[in-house]
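Some notes on the structure that comes next.
The values are calculated or read from the model by the stated rules, or taken from the named source; none is laboratory data. If you're wondering where the values come from, they're calculated on a predicted model, not measured in any experiment. A quick note on method: Cβ atoms are made from the backbone with ideal geometry, for glycine too, and the neighbour counts reach across all protein chains shown. Each accessible area value is taken on the protein alone, full model and side chains, heavy atoms only, with ligands, DNA and RNA left out. Shrake-Rupley method; radii C 1.70, N 1.55, O 1.52, S 1.80 Å.
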Amino acid sequence: MALSIVEQAGRTDVGRQRTANEDSLVVSPPLFAVADGMGGAKAGEVASAVAVQAVESAGESAEPVEAQLAGIVRDANRRIYDLAVADESRRGMGTTLTLAKVHGDEVSLAHVGDSRAYRMRDGELSQLTHDHSLVAELERSGQITAEAAEHHPQRSIITRALGPEPDVEVDTYTLAGRDGDLFLICSDGLTSMISDDEVESILRSADSLEQAADALVRAANQSGGKDNITVILFRLGEGEPGALPAEAGGLPGDEDTIAGGLRADDLQAAAMAGTAAGEPAAPDATVIHRPAAPPARPPAEPRRRRRGRFALRVALGLVLVAAVLGGLYALSRQVYFVGTNDAGLVTIYRGIPYELPLGVNLYQEDYASGMPARAIPAGRRGRVLDHEWRSRQDAVDLVRALERGQLDAGATN
């Protein structure tokens, strides 16, 4: 039997720290898309809206599907670029775009930026797209670890987007679908707040895609909600479009779900309740026997002594944390590094490129140049913006050389 889209859901949320939502989405089977705008509230909203309009207005084409999707993305890019050129207030606006189309037993993707597409198959989540971001480039080249990338202060700087240039390079993919495959498309407002493991856990435990979408947005907000959050989910199955699978709406991996939506634990609890009330068990019922009570524990030590030991451990822990924080603060006053600011300009920072929990930065901006990071040749960009610890004079010399256009391979060492 041919595959079809048997369930779908979409959510977008402003988050907890933004006043406007610059994300846009398309849930129009067989097309699904997420666009994450940038360039300020007015410009970002416009850029992402133009991108989804290009998706929604695209007609059928005789081209191969990957070529068709790439054409939609390039059309969206040109529309945004032309708007920015014509209106000074929208200069620099742009957006990501991750687009999927289900056709037959295959799913094709087109992708630009750092929004993401995932697939969960047999209970395991895997990322399908590559982030077009500075941090992702550093990670792929081996200059930083995956763990460092998760907390990198420049992780929001993207290296490819729709709008800044008249032409854009588009990544395309086609994957063979399978019954039960679950696809997720999302903005970085989700993936910058919760880990892939958390996403997988939520998808496995939800009873429906509507519930899963709500849970993902809620988890991102509970982790800080620093950006707009957009989520699209769709699942493939062997059945009529829109029909729930035989396992009563449970997601793949819900092996404990029984017909009627009950779980094994529910049946056990009901059996134990009936037996406790003195009701005879049904002839075919399975009686759940309680295990024998464990042997009595030895007498607990006096409460006062336990409290004293607990207080001592807490005090020692606080002293250790204070010492570590004090050392980090002292170090942050002595070193500098080169990165980019929110506008994408090469910037000198004082401190070390790390963030503590609750959004406490161990660095602050010292000097912002007028040079955009994308103007540095791609082969040198990673070496210049690698966040190597430097003296202030070394950092200033490097940025001055960039501004004069005199940077050569030796200037990055």
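The residues in segment 107-131 that are within 20 Å of Gly237 (Cβ to Cβ) and basic (Lys, Arg) can be counted, and the count is 2. Scanning segment 23-57 for residues that are over 19 Å from Arg78 (Cβ atoms), in contact with a Lys or Arg (Cβ under 9 Å, 6 or more places away or on another chain) and open to solvent by less than 20 Å² (accessible area, probe 1.4 Å) gives Phe32, Val34.
If you take the residues of segment 79-121 that are of a type in the set (D, E, K, R), over 24 Å from Asp188 (Cβ atoms) and out of contact with any Leu (no Cβ under 9 Å at 6 or more places or on another chain), which of them is modelled with the highest pLDDT? It comes out as Asp82. The strands (runs of 3 or more DSSP E) located wholly in segment 321-383 that include 3 or more residues which are at pLDDT 80 or above and open to solvent by 40 Å² or more (accessible area, probe 1.4 Å) occupy 360-372.
Can you find a residue in segment 219-232 that is part of a helix (DSSP H, G or I) and either under 11 Å from the mean Cα position of the chain (by Cα) or not polar (S, T, N, Q) (or both)? Checked segment 219-232: at least one residue is part of a helix (DSSP H, G or I) and either under 11 Å from the mean Cα position of the chain (by Cα) or not polar (S, T, N, Q) (or both). Count of segment 202-244 residues, restricted to those that are over 24 Å from Ala35 (Cβ atoms), at pLDDT 95 or above and open to solvent by less than 70 Å² (accessible area, probe 1.4 Å), is 3. Determine if segment 252-268 includes at least one residue that is assigned to a loop (DSSP other than H, G, I, E, B), open to solvent by 10 Å² or more (accessible area, probe 1.4 Å) and modelled with pLDDT of 95 or more. No - not one qualifying residue is present in segment 252-268.
Listed by position, the strands (runs of 3 or more DSSP E) inside segment 1-45 whose residues that are in contact with a Pro (Cβ under 8 Å, 6 or more places away or on another chain) number at least 1 are 4-13.
Between Ala70, Ala76, Ala58, the distinction of being modelled with pLDDT of 95 or more and more than 9 Å from Leu162 (Cα to Cα) belongs to Ala70 only.
Go through segment 166-195 residue by residue and tally those that are open to solvent by less than 30 Å² (accessible area, probe 1.4 Å), touching a residue at least 60 places away in the same chain (Cβ under 8 Å) and assigned to a loop (DSSP other than H, G, I, E, B). So the count comes out to 6.
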